[in-house]
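What follows draws every value from the coordinates through simple rules; no lab data is involved. The model shown is predicted, which means the values in this text are computed figures rather than measured ones. Please note: Cβ atoms are built from the backbone with ideal geometry, for glycine as well, and neighbour counts cover all protein chains shown.
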Amino acid sequence: MSSKFQNINPNKFVVKANMKNLFFFRSVKSHYNEIALLIFRVVVSASLMTHGYSKLIRLIEGNIWGRTHLFFNEEISLALVAFAEFFCPIFVAIGFWTRFFTLPIIYTFLVIVFDVHFDDPFSKMEKGILFLVSYLLIFMLGPGKLSVDNLTSKK
């Protein structure tokens, strides 16, 4: 063999080609991920706001339910749920203090799934589980680049 081919490892090219084929999803442009995260935040938050709006109207009309949580009375419990299901999703959708405003939502759905609907069939728990998992994902992923948090952060 000639000297210029002695230092070339032929397996090196095969491994790179295989790794590239295995990780084809890494070739997705990063802005597609940011757009997907924005759409996910907005759709999940808009869906939750429809549930929170009915609770907000019940609170305004004085039609208070009979549920209490911890040491709170019925009015405060309903106000906290209306805050978590109506106002917090607004901030999550626009990406303002996203992780902070997902915490009341996550707590509310932990209570809904593991306290309110724990003995119910899965069909009653299904929405609560979906919202809980969705907001846990948003908490873990953060707001992304298409958010108010990103615009106001110091770089």
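Scan the stretch 141-150 for residues that are under 10 Å from ILE94 (Cβ atoms) and part of a helix (DSSP H, G or I) and jot them down.
Hits for the stretch 141-150 are VAL148, ASP149.
Is it true that some residue in the stretch 85-95 is outside any helix (DSSP H, G or I) and under 13 Å from the mean Cα position of the chain (by Cα)?
For the stretch 85-95, residues outside any helix (DSSP H, G or I) and under 13 Å from the mean Cα position of the chain (by Cα): present.
For VAL116, state whether it is more than 18 Å from ILE35 (Cα to Cα) and either in contact with a Gly (Cβ under 9 Å, 6 or more places away or on another chain) or buried (at least 18 other Cβ atoms within 10 Å of the Cβ) (or both).
So VAL116 passes the test.
With the condition kept exactly as written, say whether any residue in the stretch 70-83 is in a strand (DSSP E or B), on the phi < 0 side of the Ramachandran plot and out of contact with any Asp or Glu (no Cβ under 6 Å at 6 or more places or on another chain).
yes
For the stretch 126-145, give me each residue that is without any contact (Cβ under 8 Å) to a residue 40 or more places away in the chain and β-branched (Val, Ile, Thr).
ILE129, VAL133
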